[in-house]
1. If I filter segment B:119-137 for residues that are out of contact with any Gly (no Cβ under 7 Å at 6 or more places or on another chain) and closer than 30 Å to B:Gly268 by Cβ, do I get at least one hit?
2. Can you find a residue in segment A:292-310 that is outside any loop (DSSP other than H, G, I, E, B), under 30 Å from B:Thr74 (Cβ atoms) and touching a helix residue (DSSP H, G or I) at 6+ places or on another chain (Cβ under 8 Å)?
3. Return the residue satisfying two criteria in turn: it lies in segment A:249-274 and is touching a residue at least 60 places away in the same chain (Cβ under 8 Å) and aromatic (Phe, Trp, Tyr), and of such residues it is surrounded by the most Cβ atoms within 10 Å (Cβ to Cβ).
4. Residues in segment A:155-168: is at least one more than 15 Å from A:Val276 (Cβ to Cβ), in contact (Cβ under 8 Å) with a residue 12 or more places away in the chain, surrounded by fewer than 21 Cβ atoms within 10 Å (Cβ to Cβ) and among the hydrophobic types (A, V, I, L, M, F, W, C)?
5. Identify all residues within segment A:302-344 that are over 17 Å from the mean Cα position of the chain (by Cα), more than 14 Å from chain B (Cβ to nearest Cβ) and not small (Gly, Ala, Ser); write none if there are none.
6. Going by the conditions given, is B:Leu54 surrounded by 20 or more Cβ atoms within 10 Å (Cβ to Cβ), in contact with a Gly (Cβ under 8 Å, 6 or more places away or on another chain), at pLDDT 90 or above and assigned by TED's automatic domain parsing to the domain that holds B:Gly268?
7. Of the residues that sit in segment B:84-103 and are surrounded by 22 or more Cβ atoms within 10 Å (Cβ to Cβ) and under 18 Å from B:Ser154 (Cβ atoms), which one is nearest to the other protein chains (Cβ to nearest Cβ)?
Amino acid sequence: MSSQRPESESTFELQSAIDADSSGAYAVEQALAYGESADSIATSADTGMEAVVGAWRSPGGQLLRTILGIALFLLVAGLVWEAFKWLAGDPWRFPAFGYEHRPPFRLMQAQDLQLPHLWDIGSALIEPVQRNADQSLGQFLIGAAFVTWVEAALGFLVGTLVGILLATLFVHSLPAERAFVPYVIASQTIPIIALAPLLIEGVGRGLASVVFIAAYLTFFPVTIAAMRGLRSPDPRALELMRSYAASRWSVYRKVRLPASLPYLFTAFKIAATASVVGAIIGEDPAGTANGLGRAIVNFNQQYVTGPEKLWATILVAGMAGILFYLLVRLVEAFVLRNRRPGAM
Amino acid sequence: MNPDSTAIPAAVPARPPVVRIRGVDKTFPVRGGAPTVALQGIELDITRGEFISLIGPSGCGKSTLLRVIGDLITPDAGSVEVNGKSARAARTDRDYGMVFQAPVLFDWRTVEANVALPLELMNVPASERARRVTEMLDLVELSGFQRHYPHQLSGGMQQRASIARALAFEPTILLMDEPFGALDEMTRERLNAEVLRVWARTGTTIVFVTHSIPEAVFLSTRVVVMSPRPGRIADVIDIDLPQPRTDDSRESDRYFELVTAVRESLRGHPTGSGARTRAEGGIG
């Protein structure tokens, strides 16, 4: 064996590593591992730049980008909202500043009753929830959101657990898959509005039935994604496990389940928002008195006298869903931090 | 036929075969078509410590034969005996190491955790696991990459990690299915030398599927030439190049004679010029 071989090999593989992966930070690490001299790697300015790019691409950076994206979207949506009112809404009057604007067009949809100003919604949040009440609308809604959130989180847990268990059964048993998958799909064609009253008859009013409805909306995407994910390993990976005489349980735990995680997290993100919707829908028939669902029903009835209250509730409900989504995203970024870039 | 063929029994050492294949047939059904006869009448003995290459055009059943030996495919007829027991018993005894064309590393495990996987499944204690993983990574020259993830390695390095994984539990037979088929020529030649080094150090019996004639000749003690439709063994060519094989082996006259012999055999003229040949199996 010639003594030159390992040397030429490392340079060769370094090159192929750089070719294979465009992430600069990684290439530097690779080069250092090979003991390349510092100046052959990159200039310090380059590594600085690559460090920034690396941080931007890191899981934490991805989460930051998600949050910035959501903030940017809300900002743009708010601007469009007010621009619409500026063009076709009710007259804008700010006596304190002596400002008055008469929109050039009139559209019913842009009037204050249909589409209140964002600042009116904002000030409604700090005003008392009802005349002579101690609590502001904002405090009330945050309390309500918390109630709904707990229901949604329980529904999410139950739904994802059921989804993963069903998928595990279906992946390991073709007869079970043939027999039950059509019913899993059919379950999603039944309107939840129709199902809820029947459910209350069976389960009774209260937390259990709200959790059931939230779980009902979440188990489906999880089942479908988990089936796909559990089947995602390379057939050769399964052959490899077979050559080790590995048990089904080992194959499941060491190969199928870890391979399914990227698929599962995609479903968890859908399930997170769906569970909030499920909890809100379930609250009214289940008779939950202090959740967002009941608040929506109440403020809907008071809409003509205070449209801002319903809009504020809708905004808070949306925020609850987004928060749940971000939480799942955060866990995903942590769990999948070492996966191949782009696998998320 | 080559007059030398009578000398063969003396050339094969009188040790018991590690793999003994008798009359193996395998047919795959084809939806809406005639079934594919992947293997027909396969007879083959492999001796301990041999390096056997299976070579042949696509569809000749070489990968199927490899999987039949490893009990990943059950033959329709015939018997496969490995280490004196059935192929199934050999598999449950963990006698096989497998290396595929793709490295099949798990991207959520570090290099060391990938190599340790078979040891985990075999309930090897953690300290022993760590010792063997270090030893194996050293063997394939991947020391220093224990904590890397597969996607951080080049294709050649990934394949070396998969070889380390296959050897980690000291299987008696290493089954390699075109392990270097997806790599470039330079990497392939380097890994060929590396496999020979590992083979010499571990004494493992290797069954190696390949498309490449030079690779088969350079690596093997015997080359099994297969022909398609139906898949059968057309020829078995002894490779009598001296051991250990080096870069010089690739430039010897004997090497070129043997490459020519294998090529001729693949074209359907199993009378290798200067090579000792022996037809085994087939319909004969």
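The values are calculated or read from the model by the stated rules, or taken from the named source; none is laboratory data. Treat the numbers as computed from the prediction; the structure is a model and nothing was measured. When we count neighbours, we look across all protein chains shown, and the Cβ atoms used for this are built from the backbone with ideal geometry, even at glycine.
1. The answer is no, given that none of the residues of segment B:119-137 is out of contact with any Gly (no Cβ under 7 Å at 6 or more places or on another chain) and closer than 30 Å to B:Gly268 by Cβ.
2. Checked segment A:292-310: no residue is outside any loop (DSSP other than H, G, I, E, B), under 30 Å from B:Thr74 (Cβ atoms) and touching a helix residue (DSSP H, G or I) at 6+ places or on another chain (Cβ under 8 Å).
3. This residue is A:Phe268.
4. Among the residues of segment A:155-168, at least one is more than 15 Å from A:Val276 (Cβ to Cβ), in contact (Cβ under 8 Å) with a residue 12 or more places away in the chain, surrounded by fewer than 21 Cβ atoms within 10 Å (Cβ to Cβ) and among the hydrophobic types (A, V, I, L, M, F, W, C), which makes the answer yes.
5. The answer is A:Gln302, A:Tyr303, A:Val304, A:Thr305, A:Pro307, A:Glu308, A:Lys309, A:Leu310, A:Trp311, A:Thr313, A:Ile314.
6. Taking the combined requirement at face value, the residue does not satisfy it.
7. B:Phe100
Yes/no per residue for (1) within 21 Å of B:Glu194 (Cα to Cα); (2) modelled with pLDDT under 90:
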position	(1), (2)
B:Ala77	no, yes
B:Gly84	no, yes
B:Ala89	no, yes
B:Gln101	yes, yes
B:Val111	yes, no
B:Asn114	yes, no
B:Asp138	yes, yes
B:Tyr149	no, no
